[in-house]
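The values are calculated or read from the model by the stated rules, or taken from the named source; none is laboratory data. Keep in mind that this is a model prediction, so the values were computed, not measured. All Cβ positions, glycine included, derive from the backbone under ideal geometry; neighbour counts span all protein chains shown. The accessibility values were calculated without ligands, DNA or RNA, using every heavy atom of the protein model including side chains. Shrake-Rupley method; radii C 1.70, N 1.55, O 1.52, S 1.80 Å.
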Amino acid sequence: MKYRMCIFDLDGTLLDTLQDIAGSMNTVLERYGLPVHTVDKYKEFVGEGMTVLVRKALPVEYGDSFLIGKCIDEMKTEYASSWMKNSKPYRDIDDLLMNIKKTGLKMAVLSNKPHQFTVEMVEFFFGKTLFDMVLGAGSFPPKPDPAGAIHIADSLKVAPSDIILIGDSAVDMKTAKAAGFSAAGVLWGFREREELVLSGADAIVSNPLEILSHLS
């Protein structure tokens, strides 16, 4: 095999979570009488963590107000009871992961979603034993800072040159490059091909099972 480990982004890569993210944030916005956004608009907001999501969702005039902190707290509370309503793995993701598992490659998840949600969702949809490590936001700076990615590599004792990071955004591609990994961009997520190419993707895939051809 060309690699010894695959690291996956979560939202927009393994799981289609956009509807529940949008619903939770819009509920918070409505509570304060603020404009809500379409589900598609949230494709522009996600990827850099929940704090950035809230800042982007709020009207610009509230960017430095006390309301930011309140909305972040309320978004966490709202999302805690809503993330399982509509979210689900993308088509063929389960088959992809089982095929990778059979090869003996290690697998990990690295997300900018808060760690608690990341772990809960991975275990809910994929079980507790499929991934060798699951890391969400909290202990390390968010992607594209490579600290979390490097921590996974060091913890599982895999050299950066033996790792491919798979994600749907520029944040993921930049994280891979900064950590010394290969980068694969997926087209079924929240961003477009051009963004992935410009941010350094080594491969672009349009179907999860295509990833298998880039591993050997």
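Here is a check on your reading of the model: is Pro160 more than 26 Å from Gln19 (Cα to Cα), open to solvent by 20 Å² or more (accessible area, probe 1.4 Å) and modelled with pLDDT of 95 or more? Spell out the reasoning first.
Numbers: more than 26 Å from Gln19 (Cα to Cα): yes; open to solvent by 20 Å² or more (accessible area, probe 1.4 Å): yes; modelled with pLDDT of 95 or more: yes.
Yes: the conditions hold for Pro160.
Tell me, which residue of region 50-80 that is in a loop (DSSP other than H, G, I, E, B) and open to solvent by less than 70 Å² (accessible area, probe 1.4 Å) is modelled with the highest pLDDT?
Just the residues of region 50-80 that are in a loop (DSSP other than H, G, I, E, B), to begin with: 58-59, 63-66.
This time we only want the ones that are open to solvent by less than 70 Å² (accessible area, probe 1.4 Å), so: 58-59, 63, 65.
Working: Leu58: 95, Pro59: 92, Gly63: 68, Ser65: 75.
The residue in question is Leu58.
Looking for something out of contact with any strand residue (DSSP E or B) (no Cβ under 8 Å at 6 or more places or on another chain), under 19 Å from Met107 (Cα atoms) and surrounded by 21 or more Cβ atoms within 10 Å (Cβ to Cβ) - is there at least one such residue anywhere in region 145-153?
Narrowing region 145-153 to residues out of contact with any strand residue (DSSP E or B) (no Cβ under 8 Å at 6 or more places or on another chain): 145-147, 150.
Narrowing further to those that are under 19 Å from Met107 (Cα atoms): 146-147, 150.
Subsequent filtering for residues that are surrounded by 21 or more Cβ atoms within 10 Å (Cβ to Cβ) retains 146.
The answer is yes, given that some residue of region 145-153 is out of contact with any strand residue (DSSP E or B) (no Cβ under 8 Å at 6 or more places or on another chain), under 19 Å from Met107 (Cα atoms) and surrounded by 21 or more Cβ atoms within 10 Å (Cβ to Cβ).
Take region 139-155 and flag every residue that is in a loop (DSSP other than H, G, I, E, B) and either more than 16 Å from Gln116 (Cα to Cα) or touching a residue at least 12 places away in the same chain (Cβ under 8 Å) (or both).
Filtering region 139-155 for residues in a loop (DSSP other than H, G, I, E, B) gives 139-146.
Listed by number, the residues that qualify are Ser139, Pro142, Lys143, Pro144, Asp145, Pro146.
Considering each residue of region 180-216, count those that are in contact with a helix residue (DSSP H, G or I) (Cβ under 8 Å, 6 or more places away or on another chain), assigned to a loop (DSSP other than H, G, I, E, B), over 17 Å from Met5 (Cβ atoms) and touching a residue at least 40 places away in the same chain (Cβ under 8 Å), and give that number.
Counting residues in region 180-216 that are in contact with a helix residue (DSSP H, G or I) (Cβ under 8 Å, 6 or more places away or on another chain), assigned to a loop (DSSP other than H, G, I, E, B), over 17 Å from Met5 (Cβ atoms) and touching a residue at least 40 places away in the same chain (Cβ under 8 Å) gives 3.
What tally of residues in region 114-138 results from selecting those that are assigned to a loop (DSSP other than H, G, I, E, B) and in contact with a helix residue (DSSP H, G or I) (Cβ under 7 Å, 6 or more places away or on another chain)?
Total meeting the criteria: 3.
For the structure I just gave you, tell me whether Glu120 is closer than 21 Å to Met98 by Cα, open to solvent by 50 Å² or more (accessible area, probe 1.4 Å) and either modelled with pLDDT of 95 or more or among the hydrophobic types (A, V, I, L, M, F, W, C) (or both).
Details: closer than 21 Å to Met98 by Cα: yes; open to solvent by 50 Å² or more (accessible area, probe 1.4 Å): yes; either modelled with pLDDT of 95 or more or among the hydrophobic types (A, V, I, L, M, F, W, C) (or both): yes.
Yes: the conditions hold for Glu120.
Kindly provide the set of residues from region 19-48 that are open to solvent by 30 Å² or more (accessible area, probe 1.4 Å), on the phi < 0 side of the Ramachandran plot and not in a helix (DSSP H, G or I), ordered by number.
Pass one, region 19-48, residues open to solvent by 30 Å² or more (accessible area, probe 1.4 Å): 19, 23, 27, 30-33, 35-41, 43-44, 47-48.
Filter once more, so that each one left must be on the phi < 0 side of the Ramachandran plot: 19, 23, 27, 30-32, 35-41, 43-44, 48.
Answer for region 19-48, where residues must be open to solvent by 30 Å² or more (accessible area, probe 1.4 Å), on the phi < 0 side of the Ramachandran plot and not in a helix (DSSP H, G or I): Tyr32, Pro35, Val36, His37, Thr38, Val39, Glu48.
Within region 91-111, does at least one residue satisfy the condition of being among the hydrophobic types (A, V, I, L, M, F, W, C), crowded, with 17+ Cβ neighbours inside 10 Å and over 25 Å from Ala176 (Cα atoms)?
First, the residues of region 91-111 that are among the hydrophobic types (A, V, I, L, M, F, W, C): 93, 96-98, 100, 105, 107-110.
Then keep just the ones that are crowded, with 17+ Cβ neighbours inside 10 Å; that gives 93, 96-97, 100, 105, 107-110.
Of the ones still in play, those that are also over 25 Å from Ala176 (Cα atoms) are none.
There is no residue in region 91-111 that is among the hydrophobic types (A, V, I, L, M, F, W, C), crowded, with 17+ Cβ neighbours inside 10 Å and over 25 Å from Ala176 (Cα atoms).
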